[in-house]
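**Student:** Quick one: structure below, then a few questions.
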Amino acid sequence: MTHDCSQSPASDTSAVDTTCPEPTEASASTGSGGDSVTAVYAPAFEGDSQKAPLPSFRFWGGSILALAALAMFMSGPGQSYSVAVFIDPMLQSLNLSNSFFAGWFMSDEARAGGTLDRTIYSAAYTLATLVGGFILPFMGRGLDKHGARVMLPLVALALGVSCYFMSLVTGFVTLCICFTLIRCLGQGTLTLISTWMVSEWFARRRGIATGLISVGGTLSVLFFPQINHYVIAHFNWQTGWVVCGALVVISLVVPSLFLVRNRPEDIGLFPDGAPGPVSAQVARAEQELKKPEPQLLLPDEESFELPEAIRSSEFWKVALVLGVSAMLGTGLIFHQVSLLNERDISAEWAVNLIGFQAIMATLASLVAGYMCDRNLIRAALIMSMCSLTVSVLTVLLMPAAWFAIIYSGCLGFQGGTLRSAGTVVWPNYFGRLHQGSVRGMALSIQIYAAALGTLPLAFSKDFFGSYRYGLIFFLILPLVAGIWVATLKRPVRKAAE
């Protein structure tokens with residue numbers, strides 16, 4: 001009889017195959033329950049000593065960080081801060097008020113005047129974002145199943161092609177289809193892949209690692225609007241979309257084929273370069289998981305499947321904060337040029353302030369990452385809602401033009417804070433075994449909220465001639481979310497589900 005290496009060390013040792021060495025044991029705590037779990041460290045097999053050179057966590061972990069940051073940067077074409085620069089040039093070209101869709105609810109006189117072009121454009125963006133949000137949970141499951149090594153080059157290539165299709169848009173229907181592609185692939189899936197990789201490769205340094213890749217996101221906010229503005233000014237908006245697509249494909253597809261590994265365990269390493277993991281078998285037994293899992297857990301980690309996570313009120317507290325941030329951030333950035341122009345601030349300055357937001361977000365992401373590694377996730381989430389409240393209040397009142405700096409700084413600060421805290425909270429609170437599915441659902445909620453973000457300000461401007469009423473509505477939401485998330489606690493997984 002041969003010995004099955006997956007069996008516990010307590011199995012019949014007389015029948016152990018000499019080619020399968022016994023693992024060693026160490027006691028570790030599972031976390032909040034305080035129960036003892038046996039951490040089983042896998043020994044090296046004879047063949048392992050012949051492999052040279054040995055994998056280096058410094059190289060592979062650094063490569064993963066760099067590619068994750070680059071993927072975050074290249075999500076730009078699907079983000080609102082990039083699309084915002086295309087709005088006015090595309091509105092002048094597409095004449096959406098004369099589309100078949102507009103004829104359903106607009107009079108001939110209104111269509112001739114083009115008075116609702118901006119609302120129709122926003123509606124297309126909203127519809128596309130909603131559809132993209134519906135698709136995203138399936139992307140998360142695919143990421144858990146196939147890993148970033150397969151998903152990242154495929155998604156990058158698809159996003160590049162989608163940007164090219166955006167340059168061919170001629171009306172409302174094609175605008176909706178192309179918006180759906182770039183929002184799902186750029187804002188959703190590429191961001192999800194980036195944070196998934198970091199959460200797999202880092203555990204106790206997850207906050208700082210997430211803060212570092214968030215720099216890629218904030219640099220994207222800084223550079224993509226400027227790149228788009230330059231290309232549109234010197235060529236046209238169609239060329240701008242082609243350039244965006246080319247940048248994504250060139251920078252991501254080939255590097256990801258060579259430098260991405262799904263998990264450190266795949267190449268004999270462990271998160272943070274730790275000496276060993278808890279046995280996957282022991283983790284499954286302790287947590288009563290229903291099927292074998294492809295990854296291993298750290299000793300203090302506890303994982304929730306998606307149905308368990310969404311039954312927890314803690315999931316919805318975090319989701320509300322992220323949803324409010326997505327909704328308000330999208331609405332404010334999407335309409336920023338027009339919103340600040342209403343306050344006598346030029347379009348050039350409005351675009352430049354997006355860059356200032358990026359700088360503040362970079363600082364905030366590092367600060368929030370440091371806080372998360374010291375178990376201050378709840379404080380970081382509350383801080384983000386306070387900053388967002390100040391930002392909306394400032395742009396609503398704005399007694400002088402220079403207050404736009406305060407508005408932009410606070411908006412960037414809350415965004416950077418949530419890039420770190422809003423990413424780390426999922427694997428830290430709900431574990432990494434099913435993080436693709438759990439965070440995919442959370443991102444889907446964010447995208448649904450972002451889809452609604454453009455409409456209140458658009459309606460307020462088109463029907464009341466001012467953004468004031470939309471901003472008053474925006475002011476209420478972060479106050480409610482901040483109060484509720486102040487009660488956030490680490491969820492406890494029930495022993496019997």
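Yes/no matrix, rows are residues, columns are (1) under 19 Å from the mean Cα position of the chain (by Cα); (2) in contact (Cβ under 8 Å) with a residue 40 or more places away in the chain:
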{"position": "LEU433", "(1), (2)": "yes, yes"}
{"position": "SER437", "(1), (2)": "yes, yes"}
{"position": "ALA442", "(1), (2)": "yes, yes"}
{"position": "LEU455", "(1), (2)": "no, yes"}
{"position": "SER460", "(1), (2)": "no, no"}
{"position": "PHE464", "(1), (2)": "no, no"}
{"position": "ILE472", "(1), (2)": "no, yes"}
{"position": "LEU477", "(1), (2)": "no, yes"}
{"position": "GLY482", "(1), (2)": "no, yes"}
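**Student:** Still on this structure: Tell me, please, whether a residue that is touching a residue at least 40 places away in the same chain (Cβ under 8 Å), surrounded by fewer than 24 Cβ atoms within 10 Å (Cβ to Cβ) and part of a helix (DSSP H, G or I) can be found in the range 415-424.
**Tutor:** No, the range 415-424 has no match at all.
**Student:** Any idea which residue in the range 220-253 is surrounded by the most Cβ atoms within 10 Å (Cβ to Cβ), counting only those that are among the aliphatic types (A, V, I, L, M) and more than 13 Å from PRO77 (Cα to Cα)? Working first, answer last.
**Tutor:** Filtering the range 220-253 down to residues among the aliphatic types (A, V, I, L, M) leaves 221-222, 227, 231-233, 242-243, 246-250, 252-253.
Subsequent filtering for residues that are more than 13 Å from PRO77 (Cα to Cα) retains 231-233, 250, 252-253.
Values: VAL231: 19, ILE232: 20, ALA233: 11, ILE250: 13, LEU252: 23, VAL253: 16.
Only one residue tops the list, namely LEU252.
**Student:** Return a yes/no flag: does the range 181-195 have any residue that is more than 21 Å from LEU433 (Cα to Cα) and hydroxyl-bearing (Ser, Thr, Tyr). Let's see the steps before the verdict.
**Tutor:** Residues of the range 181-195 more than 21 Å from LEU433 (Cα to Cα): 181-187.
So of that shortlist, the ones also hydroxyl-bearing (Ser, Thr, Tyr) come out as none.
Within the range 181-195, none of the residues are more than 21 Å from LEU433 (Cα to Cα) and hydroxyl-bearing (Ser, Thr, Tyr).
**Student:** Taking the range 438-448 as the region of interest, how many residues are buried (at least 24 other Cβ atoms within 10 Å of the Cβ) and out of contact with any Pro (no Cβ under 7 Å at 6 or more places or on another chain)?
**Tutor:** Number of matching residues: 6.
**Student:** Can you spot a residue in the range 188-200 that is part of a helix (DSSP H, G or I), touching a residue at least 24 places away in the same chain (Cβ under 8 Å), more than 28 Å from HIS146 (Cα to Cα) and within 16 Å of the chain's Cα centre (by Cα)?
**Tutor:** No: the range 188-200 contains no residue that is part of a helix (DSSP H, G or I), touching a residue at least 24 places away in the same chain (Cβ under 8 Å), more than 28 Å from HIS146 (Cα to Cα) and within 16 Å of the chain's Cα centre (by Cα).
**Student:** Would you be able to say whether some residue in the range 178-192 is under 19 Å from LEU70 (Cβ atoms) and of a type in the set (D, E, K, R)?
**Tutor:** No, the conditions are met nowhere in the range 178-192.
**Student:** In the range 44-78, which residue that is loosely packed, with under 10 Cβ neighbours inside 10 Å and of a type in the set (S, T, N, Q) is modelled with the lowest pLDDT?
**Tutor:** Selected residue: SER49.
**Student:** Sticking with this structure for a sec: For the range 212-263, how many residues meet the condition of being of a type in the set (Ser, Thr, Tyr) and modelled with pLDDT of 90 or more?
**Tutor:** Qualifying residue count, the range 212-263: 3.
**Student:** Let me ask something else about it. LEU185: part of a helix (DSSP H, G or I) and under 26 Å from ASN428 (Cα atoms), yes or no?
**Tutor:** Considered against the rule, which asks whether it is part of a helix (DSSP H, G or I) and under 26 Å from ASN428 (Cα atoms), LEU185 comes out as yes.
**Student:** Hey, can you tell me all the residues within the range 387-414 that are assigned to a helix (DSSP H, G or I), more than 20 Å from SER214 (Cα to Cα) and of a type outside the set (A, V, I, L, M)?
**Tutor:** Of everything in the range 387-414, those that are assigned to a helix (DSSP H, G or I), more than 20 Å from SER214 (Cα to Cα) and of a type outside the set (A, V, I, L, M) turn out to be THR389, SER391, THR394, PHE403, TYR407.
**Student:** Counting just the residues of the range 152-176 that are part of a helix (DSSP H, G or I) and at pLDDT below 90, which one comes out surrounded by the most Cβ atoms within 10 Å (Cβ to Cβ)?
**Tutor:** Among them, the one singled out is LEU175.
**Student:** Something else about it: Which residues, counting only those in the range 328-359, are assigned to a loop (DSSP other than H, G, I, E, B) and farther than 19 Å from ALA451 by Cβ?
**Tutor:** If the condition is that a residue be assigned to a loop (DSSP other than H, G, I, E, B) and farther than 19 Å from ALA451 by Cβ, then GLU342, ARG343, ASP344, ILE345, SER346 are the ones that fit.
**Student:** Of the residues that sit in the range 481-490 and are out of contact with any Asp or Glu (no Cβ under 9 Å at 6 or more places or on another chain) and surrounded by 13 or more Cβ atoms within 10 Å (Cβ to Cβ), which one is nearest to ALA450 (Cα to Cα)?
**Tutor:** Here the residue is ALA481.
**Student:** While we're looking at this one, here's another question. Report every pair of residues separated by at least 6 positions or lying on different chains whose Cβ atoms are under 6 Å apart, first residue within the range 214-233 and over 22 Å from THR189 (Cβ atoms), second part of a helix (DSSP H, G or I) and of a type in the set (Gly, Ala, Ser).
**Tutor:** As it stands, the answer is LEU222/GLY355; LEU222/ALA358; VAL231/GLY240; ILE232/GLY240, since those pairs meet every condition given.
**Student:** Next up: Give me the pairs, please: first residue somewhere in the range 384-396 and over 22 Å from SER420 (Cβ atoms), second residue anywhere and β-branched (Val, Ile, Thr), beta-carbon distance under 8 Å, and either six or more positions apart or on two chains.
**Tutor:** THR394/ILE406; LEU396/ILE472
**Student:** Please pick out the residue among ILE193, ILE182 that is touching a Pro at 6+ places or on another chain (Cβ under 7 Å) and of a type in the set (Val, Ile, Thr). Even if it seems obvious, please write down each step before you answer.
**Tutor:** Details: ILE193 fails: touching a Pro at 6+ places or on another chain (Cβ under 7 Å).
Result of the check over ILE193, ILE182: ILE182.
**Student:** Then there is this: Identify all residues within the range 301-327 that are part of a loop (DSSP other than H, G, I, E, B) and in contact with a helix residue (DSSP H, G or I) (Cβ under 6 Å, 6 or more places away or on another chain); write none if there are none.
**Tutor:** Scanning the range 301-327 gives a single hit, PHE304.
**Student:** Look at the range 321-380 and say how many of its residues are at pLDDT 85 or above, surrounded by fewer than 22 Cβ atoms within 10 Å (Cβ to Cβ), among the polar types (S, T, N, Q) and within 22 Å of the chain's Cα centre (by Cα).
**Tutor:** Counting residues in the range 321-380 that are at pLDDT 85 or above, surrounded by fewer than 22 Cβ atoms within 10 Å (Cβ to Cβ), among the polar types (S, T, N, Q) and within 22 Å of the chain's Cα centre (by Cα) gives 0.
The values are calculated or read from the model by the stated rules, or taken from the named source; none is laboratory data. Being a predicted model, the structure only gives us computed values, none of them experimental. Every residue, glycine among them, receives a Cβ derived from its backbone with ideal geometry; neighbour counts consider all protein chains shown.
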